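Bear in mind that the values in this text are calculations on the coordinates, not laboratory data. Since the model is a prediction, treat every value here as computed from it, not as a measurement. As a convention, Cβ positions derive from the backbone with ideal geometry for all residues, glycine included, and neighbour counts pool all protein chains shown.
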Amino acid sequence: MPARKKSSAGKPTKISPVRNENRGAGDKESAEYSEEVKRYHREYLRSLKTFEPPPAGFDPRKARDRELLSYGFPRRPHAERERRLYSLWQKAYSRPIKPIMARLKIDQVLLHRYRRGRRVRDGRFAPGGWGGIIAQTSDFGFSPPEPANTVYGEWMVPSMAPDFDNPNTAMTVGFWVGLDGSTNNQVLQAGTAATVTGENINYWAWFEWFPDPPVRITNFPIEPGDVITALVCAPQPTQGYVSMMNRQTGATTSIGIPPPAGISSLGTTAEWIVEGISADLPNWVIVGFHECTAGTKSHHMDLSHPSVTEISGATKDLTVAIAWQPNTVLVLWEGIR
């Protein structure tokens with residue numbers, strides 16, 4: 001998520017603090033605001049498209065294009081023009097899968113992110129809360145220029161270290177792939193997250209087209225050691241799409257996402273990111289994003305032009321991000337802010 005700015009027109013905005021002598025009116029105003037937000041969240045969840053699972057024995061590799069579309073599977077990449085994506089697509093569906101119709105709710109943890117500032121990194125304007133690699137579409141010199149509309153990555157859910165010294169402090173981190181957000185105030189993203197509260201650790205999957213709210217997939221359980229794949233697409237500038245798979249369980253699900261009000265995908269960047277969600281950063285030791293690939297309608301994007309961004313602490317960077325050619329991103333944990 002990029003640094004937050006004022007909400008788009010028509011979206012709820014935060015009510016300013018109310019002075020003590022006007023507390024009664026303030027309570028009423030806050031309650032009205034709360035109800036407005038709840039209504040908006042309900043409407044937003046209804047706007048998301050989920051897909052019924054196909055009949056038993058359905059094989060995406062043998063399905064017709066319209067069947068793939070109907071059941072929410074990613075389109076079949078062209079075998080010649082999109083060789084890398086085609087290979088990954090075939091690999092994904094060469095093993096048994098368990099398609100599920102996603103159950104969704106607003107992600108209240110990610111909704112209330114710690115808002116780190118933005119800073120310059122490698123000559124670019126980058127989020128201070130991101131650690132990872134950004135691929136800038138303009139760096140590839142496509143002629144004519146085209147926006148990035150696809151990004152893919154897979155990673156093993158890292159086993160988070162418990163925090164015995166702070167048993168009542170919740171620390172959250174997110175791992176995701178996405179489009180946009182580095183040079184503009186929107187991002188289409190999907191990934192996993194973990195919250196560490198003392199010895200209690202919670203893991204989940206989520207997606208977001210910011211500035212609309214983040215959404216948790218409640219029936220897509222994940223555990224440390226699971227290999228998660230995430231495909232994020234903007235097949236049209238006003239159409240978002242996310243498909244995720246848990247390689248260990250075979251669970252796979254897809255969601256169609258409408259754009260935020262007044263927003264369309266610009267495709268200026270693709271990212272593979274660890275995001276600091278809370279003020280302090282829990283310890284994941286190291287995470288590797290593998291099979292990293294992105295693309296435009298006509299071109300492939302890789303890690304040959306990497307821009308590094310690090311999560312910034314009070315006195316030092318809290319991550320070390322490495323583009324490990326040709327298609328791996330490593331992000332190491334470096335300490336607590």
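To the nearest 10 degrees, how steep is helix 83-92 against the longest Cα principal axis of the chain, on a 0 to 90 scale?
With rounding to tens, the tilt is 80 degrees.
In whole percent, what relative contact order does the range 100-333 give with Cα contacts below 8 Å and a gap of six or more residues? If you can, show how the numbers build up before the last one.
Values: 649 pairs, mean separation 71.0, N = 234.
Contact order relative to length: 30 percent.
Using +1 at the Cβ of each Lys and Arg and -1 at the Cβ of each Asp and Glu in the range 100-333, identify which of Ile133, Phe210, Asn149 lies farthest towards the dipole's positive end.
Phe210
With angles folded into 0 to 90 degrees, how steeply does helix 23-47 sit against the dominant principal axis of the chain? Use alpha carbons for both and round to 10.
In the chain, helix 23-47 runs at an angle near 10 degrees to the longest axis.
Along Cα→Cβ, 7 Å out, is where each label goes; now give me the distance between the ones at Gln90 and Glu334 in nm to one decimal.
Modelled inter-label distance: 4.1 nm.
If I model a spin label as a point 7 Å beyond the Cα along the Cα-Cβ vector, how far apart are those points for Thr238 and Arg42 in nm?
Label at Thr238, label at Arg42, 2.7 nm between them.
Charges at C-beta only: +1 for Lys and Arg, -1 for Asp and Glu. How large is the resulting dipole of the range 100-333 about its Cα centre, in Debye rounded to 20? Present the calculation step by step, with values, prior to reporting the outcome.
Working: 13 positive and 20 negative charges, 89 e Å.
With Lys and Arg at +1 and Asp and Glu at -1, about 420 debye.
Cα convex hull of the chain: how many Å³ per residue?
Enclosed volume per residue, from the Cα hull, is 147 Å³.
Taking the dipole about the Cα centre of the chain, with the C-beta of Lys and Arg at +1 and of Asp and Glu at -1, give me whichever of Ala279, Val308, Ser265 is farthest to the positive side.
Projecting each Cα onto the dipole axis, the largest value belongs to Ser265.
Please give the peptides 213-225, 238-250 ranked by average Cβ packing (other Cβ atoms within 10 Å per residue), highest first, as a rough proxy for protection. Provide the component values of the computation, followed by the final result.
Values: 213-225: 17.6, 238-250: 20.0.
Result, highest mean Cβ count within 10 Å first: 238-250, 213-225.
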